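The structure appears below as C-alpha cells.
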Amino acid sequence: MTEEKLILTYEWFKAFPKDDRVEHRKITFHNRYGITLAADLYKPIGATEKLAALAV
C-alpha cells in the first residue's frame with residue numbers, strides 16, 4: 001500500500017471566529033484501515049498536561 005500525501009490548507013475558513021486563547025493546527029493520521037485522515041487540532045495555549053480528545 002502506498003502512503004497518500006494530503007495537501008492541507010491553512011487559511012481560516014471556519015464558521016466561527018478564531019480565538020487567541022486556542023492553538024489551531026492541521027494534522028493527519030491513519031485510521032485502523034490504513035486510510036489517511038486530515039483533522040483540525042484545537043488546544044488551549046500553554047496547556048502542558050494530557051487532555052481529553054474527541055474525533056468526529
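The values are calculated or read from the model by the stated rules, or taken from the named source; none is laboratory data. What you are looking at is a predicted structure, and each value in this text was computed from that prediction instead of being measured. Neighbour counts run over all protein chains shown; Cβ positions are idealised from the backbone, glycine included. The protein model used for the area step is the full one, side chains on, heavy atoms only, and it has no ligands, DNA or RNA in it. Shrake-Rupley method; radii C 1.70, N 1.55, O 1.52, S 1.80 Å.
When the residues of segment 29-44 are filtered to those that are surrounded by 10 or more Cβ atoms within 10 Å (Cβ to Cβ) and aromatic (Phe, Trp, Tyr), which remaining residue is nearest to ASP19 (Cα to Cα)?
In this case the residue turns out to be TYR42.
Which condition breaks for GLU23 when tested against (1) of a type outside the set (S, T, N, Q); (2) farther than 18 Å from ALA55 by Cβ; (3) modelled with pLDDT of 90 or more?
Just one mismatch for GLU23, condition (2).
How do the pairs read when you match residues in segment 29-41 that are at negative phi with residues anywhere that are part of a loop (DSSP other than H, G, I, E, B) and open to solvent by less than 60 Å² (accessible area, probe 1.4 Å), using Cβ under 9 Å and keeping only pairs 6 or more apart or on different chains?
THR36/LEU6; LEU37/LEU6; LEU37/ASN31; ALA38/LEU6; ALA38/LEU8; ASP40/LYS14
Could you say which residue among ALA55, ALA47, ALA15 is open to solvent by 100 Å² or more (accessible area, probe 1.4 Å), of a type in the set (Gly, Ala, Ser) and part of a loop (DSSP other than H, G, I, E, B)?
None of the others qualify; the one that does is ALA15.
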